[in-house]
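Here's the structure, in structure tokens; my notes come after.
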Amino acid sequence: MLELYQELLRNLPSQPEVTVSSSGARAIALLESEPFTLLITDLRMPKMDGLQVLAIVRRKYPHLRIIVLTGVLDEEYRSRAYALGVDLFWQKPGSSEEFQFFKDCIESLLGREVATEGGFRGMQSKSLVDLIQLECLSQSSSVLRITQGSVEGRIWVQEGEIIDAVAGEFKGEAAFKEILSWKSGNFEILPAEANHPRMITGSSQGLLLDSAQALDEWRGHQTGTPGEGQTPGPASSALAPLAKFEGIEFVLTMAPDGKGACESWGLENAKEISAWAWETHQRLRELGDKLAAGHLAQVTGFGLHRHWALASSDQKGLLCTGYRRAMPKDKVDQTMKHIFAKWVS
């Protein structure tokens, strides 16, 4: 298994050098012999288990990025691992899609620069946005407790979606934006509260982007240099309001003739997706014409990795949306109708 993971991770786009160890003691010895960027560790290991390794490594190498890769699905293990400062707690992938997602997360961690100021959980390299995004990416259920001085804030996460937040007198989205403005503090992951009511209904990605955009605008106003040295990101897109619906992973639009540049939110490969969406829609329209089925109103597809939907307007063009794979069919259909109505209005 070690050799298999070593070979697969060597083929990441950044082509990292990957060293493996069959024990925790050997891994610590390797860390002492040369500098490393990232450590991936199991939890259940003979003689020295993963939690012991984490405790030693975090103390000796505070800037080292750490991923726990385990088959142990235990909330206590998970909470203890995060308390020791791991970047990501990951269940061992059970499918090719899950393994690809795991590799994408590793590539993302390898590509991030280490910050020199601020940070949470005693790690200088972590921003609060990083920590919340990792919770959402791993589709976890937990309560995030953040303190800054005497002020305490809490964020409730249910299966990767942010459902509520409180910070002093602030509640819901206002509390979330208040917490996100904190530059440093203490960070703790508590067990999930299954019956906590949902007060934030938008998607986590949309909320993070909107909050980050508002914070950037505020900081720019404070310094008098809005947007200096930055390029417009997805948060400034006109599609951002459409991404606030629960379960949305991406939004993409094209002109009625399918020509010209597409506009997207939440996609890195928008060009490829737009080509696929346009061809799929055209073929389905042709099939509908042959069957005399009438106007093609909406198409939805359901897969192991994510769900998607297509709908078109003669005036606006083609709309393509992606959804989390956990969303049920009727919810995807209904959400797409709401998004389409908002888009054409």
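The values are calculated or read from the model by the stated rules, or taken from the named source; none is laboratory data. From a predicted model like this one, the values you see are computed outputs, not experimental measurements. Neighbour counts run over all protein chains shown; Cβ positions are idealised from the backbone, glycine included.
Considering only segment 37-52, how many residues are under 16 Å from residue 20 (Cβ atoms) and either modelled with pLDDT of 90 or more or of a type in the set (D, E, K, R) (or both)?
5
How many residues does segment 86-99 contain that are farther than 15 Å from residue 142 by Cα and buried (at least 21 other Cβ atoms within 10 Å of the Cβ)?
2
Out of the residues in segment 154-170 that are more than 23 Å from residue 248 (Cα to Cα) and surrounded by 14 or more Cβ atoms within 10 Å (Cβ to Cβ), state the one that is farthest from the chain's Cα centre (by Cα).
170
Output the residue which, of all residues in segment 109-122 that are in contact with a Leu (Cβ under 9 Å, 6 or more places away or on another chain) and not in a loop (DSSP other than H, G, I, E, B), is modelled with the lowest pLDDT.
Among residues in segment 109-122 that are in contact with a Leu (Cβ under 9 Å, 6 or more places away or on another chain) and not in a loop (DSSP other than H, G, I, E, B), the one modelled with the lowest pLDDT is 119.
Out of all the residues in segment 242-263, which are under 18 Å from the mean Cα position of the chain (by Cα) and at pLDDT below 85?
Listed by number, the residues that qualify are 242, 243, 244, 245, 246, 247, 248, 249.
Could you tell me whether segment 70-80 includes any residue that is in contact with a helix residue (DSSP H, G or I) (Cβ under 9 Å, 6 or more places away or on another chain) and either among the hydroxyl-bearing types (Ser, Thr, Tyr) or at pLDDT 80 or above (or both)?
Yes, segment 70-80 has at least one match.
Can you tell me which residue in segment 171-183 is surrounded by the most Cβ atoms within 10 Å (Cβ to Cβ), limited to those that are at pLDDT below 85 and of a type in the set (Lys, Arg)?
177
Hey, could you check segment 289-311 for residues that are of a type in the set (Gly, Ala, Ser) and modelled with pLDDT of 90 or more and say which is farthest from the chain's Cα centre (by Cα)? If you could, list the steps in order and put the result at the bottom.
Taking segment 289-311 as the starting set, the residues that turn out to be of a type in the set (Gly, Ala, Ser) are 292-294, 297, 301, 303, 309, 311.
Keeping just the survivors that are modelled with pLDDT of 90 or more gives 301, 309, 311.
Values: 301: 22, 309: 21, 311: 26 Å.
Applying the filter and picking the extreme gives 311.
Out of segment 52-79, which residues are within 21 Å of residue 192 (Cα to Cα), surrounded by fewer than 18 Cβ atoms within 10 Å (Cβ to Cβ) and not hydroxyl-bearing (Ser, Thr, Tyr)?
71, 72, 73, 74, 75, 76
Tell me, please, whether a residue that is aromatic (Phe, Trp, Tyr) and in contact (Cβ under 8 Å) with a residue 60 or more places away in the chain can be found in segment 48-70.
no
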